[in-house]
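Readers should treat all values here as calculations from the given coordinates under stated rules, not as data from a laboratory. Note that this is a predicted model, so its numbers are computed, not measured. Every residue, glycine among them, receives a Cβ derived from its backbone with ideal geometry; neighbour counts consider all protein chains shown.
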Amino acid sequence: MKYARLIKINLLVLSGLLLLLAIIMYFMEVHRIQTFFSFTSEKQSEYFMPDSTAMFVHKPNIHLYDNWGTPQQKMSTERRTNNLGFRDDDDVTERKPNEMRVLVAGDSHTDGVLRYNTQSFVNIWEEKLNIADTTTYYNCMNGGVGYYTFRNYHGFLKKFSYLKPDVFLINVFTGNDFRETVKFEDDRTSISNIYKSWHMRFRRKFQSGEQQAFPYIQGIEQMLYFESFPNEKERAMQIAKKYLLQIIELCKQKDIRLVITLLPSKLEVKPKFYKNIQTLFDLDEETMNTNRELTNMLIDFLAKQQVEHYDLKPVLQNTSEKLYWDIDLHINPKAHELIGDFLFKELHLN
C-alpha cells in the first residue's frame, strides 16, 4: 500500500513536470513564430516590413550587398528595390499612354537570388518584349518577395491593384508554397500547429550531418512535412484554392488577365539529384513524388477554373546546364533566362 502510494505520487509529479515542459515548449514555439511574423529581426528588418494587406513587403528604395555562396560558387548580390519595393532598378511613375503593365508576384525564386535585378526572368521578359514591339511600352514589375505563398499573392494583388495592371502573373514555387500555405494562416499558434512545428524541428535535429547540411526548405521540407502529416495535403489545397478563387474574382472585377506559372524544385527537374536525395533521406517513391502530386492537383483546379497556366517543368528539364544554386537551390541566372525566353515566346500579351 505504501509503495503504491509512492508510485502514484511519483507519477503525479512526473505528469506535472511533463505538463510544465509542454507548456514551456508551446510558448517557446509561439514566441518563435510570432517573432518571425513581426519582421523585426535584424536580418528581416533590413529588407522586409510588415503590411496589413500582404502580411509583409519589401522596403522601398533599398540598396544592399550580400556576399555568399560556396568556394565553387562565390556570389555577390546587389539587392535593390524601387520606390514601391519591387525588384526593379526603375521607379514606377505615372502610366504612359502606350504602356502595358504586367504585375508579377512570387516568392524568393521570383524575388531573385541574383547579382543584378536585370538578370531576373521578369526583367529579361520585359526587355525582349520591348525590343520586339516598339509600339507598346511593356512594364513588367517584379513584385517577388521571399516567403510568399497563396495568401500573400492575394494580398499583394489587393495592395497594388491601384496600379491597374493589365496582367497579373503569379509564379508559384511548387517546392514549398503548399507547406507555407498552412503555415501562414491565422491559426498558426494553435496547439495542433505548434505540435506539427515542434515535430518537424525535432525530426530535423535527429537527421545526419549530411542531411542537415542540405538546403532544407527548397523542396525537401515540404515532402517530409506531408509524409509526417498526410492529411495536411487536403488542408493545404483547400487554403490555396480559397485564395486563388479570391484572386480570380478580383481579376474579373478589375479586368486583369490572370496567368499562373508553376516553378518546380530541382528535385523534379534533375533525375540524378532526385535519386541522390531519395537515397540520402531514405524516402519511398510516394513521398518523393509529393510535390508533383500537389502540382498536378493545382493544375487540375486551374484548368477547371479556366485560369491560364504554364507548367515550367518541361522548360527546365531539357538542359544539362546548372539551373539551381548549389548553396540554397534557388534558380540561377540560366534558369531565369530560360523562363524569360519561354514567357516571351509563349505568352502573347497583345
Checklist entry - Which whole-angstrom value gives the distance between the alpha carbon centres of region 311-327 and region 98-124? => result 18
Next on the checklist: To make sure I understand, if each residue's beta carbon is the centre and we count other beta carbons within 10 Å, what order do Leu258, Leu245, Leu312 fall in, fewest to most?
Outcome noted: Leu245, Leu258, Leu312
Item to check | Label selected from (i) 165; (ii) 121; (iii) 183, the criterion being volume of the Cα convex hull per residue in Å³ as computed here | outcome: (i)
Checklist outcome for this item: Taking Cα atoms only, helix 271-281 is inclined relative to the longest principal axis of the chain by an angle, in degrees rounded to 10, of 20
Checklist entry - Which whole-angstrom value gives the distance between the alpha carbon centres of region 235-255 and region 26-62? => result 24
Item to check | Listed residues Leu129, Leu163, Leu21, most fluctuating in the chain (Gaussian network, C-alpha, under 10 Å) | outcome: Leu21
Next on the checklist: Using only the alpha-carbon atoms, how far is helix 290-304 inclined from the longest principal axis of the chain? Give it as 0 to 90 degrees, nearest 10.
Outcome noted: 50
Item to check | Added length on full extension, which subtracts the Cα-Cα distance from 0.36 nm per residue, Thr53 to Ser190 | outcome: 47.1 nm
Checklist entry - Between Phe56 and residues 5 or more places away or on another chain, which pairs have amide H atoms under 5 Å apart, with H built 1.01 Å from N, and which residues are they? => result Asp51
Checklist entry - Can you list the residues, at least 5 places off or on another chain, whose amide H is less than 5 Å from the amide H of Tyr310, using H built in the peptide plane? => result Ile260, Thr261, Leu262
Checklist outcome for this item: Stretched fully, the stretch from Val13 through Leu250 gains (0.36 nm per residue minus C-alpha distance, one decimal, in nm) 79.7 nm
Item to check | Given Lys205/Lys266; Lys96/Lys334; Lys304/Lys334; Lys233/Lys345; Lys242/Lys272, the pairs whose alpha carbons are separated by over 26 Å | outcome: Lys96/Lys334; Lys304/Lys334; Lys233/Lys345; Lys242/Lys272
Checklist outcome for this item: The exposure ranking of Leu263, Leu316, fewest beta-carbon neighbours within 10 Å first, is Leu316, Leu263
Next on the checklist: Loop only by DSSP, 13 or fewer other Cβ within 10 Å of the Cβ. Give me the GluC sites (Glu not before Pro) in region 250-350 that pass, ordered by residue number.
Outcome noted: Glu321
Checklist entry - So which lysines can Lys43 reach, going by Cα to Cα under 19 Å and dropping same-chain residues fewer than 8 places off? => result Lys59
Item to check | Degrees, to the nearest 10: 333-346 long Cα axis against longest axis of the chain | outcome: 60
